[in-house]
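*Asks:* What follows is a single structure, and I will ask about it in a moment.
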Amino acid sequence: MAKKKDDLPAMPFYTGDWFKAGDVRSLTVEQRGIWIDMLFYMWESNERGVLVDASGKPYTTEELSRMIGLPEDLLKQNLKQMESKKIFSLRDLDGAIYCRRMMKDAEIRKIRKEIGKIGGNRNKEKNLLKQNDKQNTKQNTENEIENEIEIYNNKEGVTGGEEESLDALKKAYKEDPKLLFVRYWRRNAGPEEVRIAAELIEKFGIEKLTYAFHESMEHAAFSIAYVKKILLNVKGKEDAQMVEQLSASNRKNETEESAALIKKQKDDHKKWIADLWSRYKNLNGKTSQATKEKILKHLQNQMYVNAEQILFDLEDKETNSVEVDGFTSIGKSLETIIN
């Protein structure tokens, strides 16, 4: 059994990364609660970053449901959704849940500790990191990632300077968007992610997309939804710059159009709120009193998105959704609901 040799006085928790991670923000409130509990248990585990008991065996869902305080069937449903979003990984050896970042950070601390013992320098640290990468197997795809890029470089004959190599890589990304995930996020991409990446290349161009992937990597937000958010922010800044460059007369017209747009948005918002109240008042008798009170509380507190989530839940239940302990699978992401 592995022992924790790098015990710290507290668990490092980066609130900025937590709020910026698109994959985490796409979880429901309940799922985020489950994930934070799991992170704490993995931090206290004898194998830091791995969800195992004192004997080194993975917790069963029955045990985990008692630890977290959720019914087992509801926990299984949430874990399945979280796994599909790659929130955590499963160890090939025994199927144990583990946190990729927590394990990586622990390995880096271990390497730096070894460097300190031998009076190391930057070159020694770099060599140790390379040795560590070579020892990783399926849990870390670092080697196969670099091999993919190296194979492409050899095929294209990329032997010139840095600029030539960069141009060749951008060409490779356009031909095979999955290399973006491999290069920047150190993981393989699913077919849907590759399809979306290809669409983003067509819409925004490879220059902006590589920038967005790099920014998402810097913020540890390995989600295609976060990449889209960055691209939209970039586009928004560019649009703002274009507005600043308009002539005085054009700016006046733009202001009038903006005022009309703002008025329309306000009117649409009022209609949306009125529609929510109408849908609440028209709830049928099958809806529990507790659920009605929950919706009413959200509406009174102006938490309209939360109220709409529950209303969508109830509407889905009438067709093909299944309610579990008062919770229903929405079937739509929060981003889709807001849009």
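The values are calculated or read from the model by the stated rules, or taken from the named source; none is laboratory data. Being a predicted model, the structure only gives us computed values, none of them experimental. With ideal geometry, Cβ positions are generated from the backbone for all residues, glycine too; neighbour counts draw on all protein chains shown.
*Asks:* Which residue out of LEU39, LEU75, LEU70, LEU27 is in contact with a Leu (Cβ under 8 Å, 6 or more places away or on another chain), surrounded by 12 or more Cβ atoms within 10 Å (Cβ to Cβ) and not hydroxyl-bearing (Ser, Thr, Tyr)?
*Replies:* Testing whether each residue is in contact with a Leu (Cβ under 8 Å, 6 or more places away or on another chain), surrounded by 12 or more Cβ atoms within 10 Å (Cβ to Cβ) and not hydroxyl-bearing (Ser, Thr, Tyr) leaves just LEU75.
*Asks:* Now a separate question. Could you list all residues from segment 179-195 that are farther than 19 Å from GLU218 by Cα and either of a type outside the set (Val, Ile, Thr) or part of a loop (DSSP other than H, G, I, E, B) (or both)? Break it down into steps so the answer makes sense when it comes.
*Replies:* Filtering segment 179-195 for residues farther than 19 Å from GLU218 by Cα gives 190-195.
Answer for segment 179-195, where residues must be farther than 19 Å from GLU218 by Cα and either of a type outside the set (Val, Ile, Thr) or part of a loop (DSSP other than H, G, I, E, B) (or both): GLY190, PRO191, GLU192, GLU193, ARG195.
*Asks:* A further question follows. Filter segment 203-230 down to residues that are in contact with a helix residue (DSSP H, G or I) (Cβ under 9 Å, 6 or more places away or on another chain) and more than 24 Å from LEU27 (Cα to Cα), then give me how many there are.
*Replies:* 8
*Asks:* OK, next. Could you list, in sequence order, the residues of segment 76-104 that are of a type outside the set (S, T, N, Q), assigned to a helix (DSSP H, G or I), closer than 23 Å to PHE13 by Cβ and free of Cβ contacts under 8 Å to residues at least 60 places away in the same chain?
*Replies:* Correct list: LEU79, MET82, GLU83, ARG100, MET103, LYS104.
*Asks:* Looking at segment 51-60, is at least one residue out of contact with any Asp or Glu (no Cβ under 8 Å at 6 or more places or on another chain), of a type in the set (D, E, K, R) and free of Cβ contacts under 8 Å to residues at least 12 places away in the same chain?
*Replies:* Checked against the condition, which is being out of contact with any Asp or Glu (no Cβ under 8 Å at 6 or more places or on another chain), of a type in the set (D, E, K, R) and free of Cβ contacts under 8 Å to residues at least 12 places away in the same chain, segment 51-60 yields no hits at all.
*Asks:* Among helices (runs of 4 or more DSSP H) lying entirely in segment 235-339, which contain 1 or more residues that are modelled with pLDDT of 80 or more, exposed (fewer than 13 other Cβ atoms within 10 Å of the Cβ) and among the acidic types (Asp, Glu)? Full working, then the answer.
*Replies:* Values: elements: 248-281, 289-300, 304-317, 334-338.
Because the criterion is at least 1 residues that are modelled with pLDDT of 80 or more, exposed (fewer than 13 other Cβ atoms within 10 Å of the Cβ) and among the acidic types (Asp, Glu), the helices (runs of 4 or more DSSP H) in segment 235-339 that meet it are 248-281, 289-300.
*Asks:* Take the residues of segment 38-75 that are in a helix (DSSP H, G or I) and of a type in the set (D, E, K, R): which is modelled with the lowest pLDDT?
*Replies:* In this case the residue turns out to be GLU44.
*Asks:* Answer yes or no as to whether ILE111 is more than 30 Å from LEU231 (Cβ to Cβ), at pLDDT 90 or above and among the β-branched types (Val, Ile, Thr).
*Replies:* Working: more than 30 Å from LEU231 (Cβ to Cβ): yes; at pLDDT 90 or above: no; among the β-branched types (Val, Ile, Thr): yes.
So ILE111 fails the test.
*Asks:* Which of the residues belonging to segment 80-98 are touching a strand residue (DSSP E or B) at 6+ places or on another chain (Cβ under 8 Å) and at negative phi? If you could, list the steps in order and put the result at the bottom.
*Replies:* So the first thing to find is which residues in segment 80-98 are touching a strand residue (DSSP E or B) at 6+ places or on another chain (Cβ under 8 Å), and the list is 83, 88-91, 94-98.
Once the filter is applied, which keeps residues that are touching a strand residue (DSSP E or B) at 6+ places or on another chain (Cβ under 8 Å) and at negative phi, segment 80-98 yields GLU83, PHE88, SER89, LEU90, ARG91, ASP94, ALA96, ILE97, TYR98.
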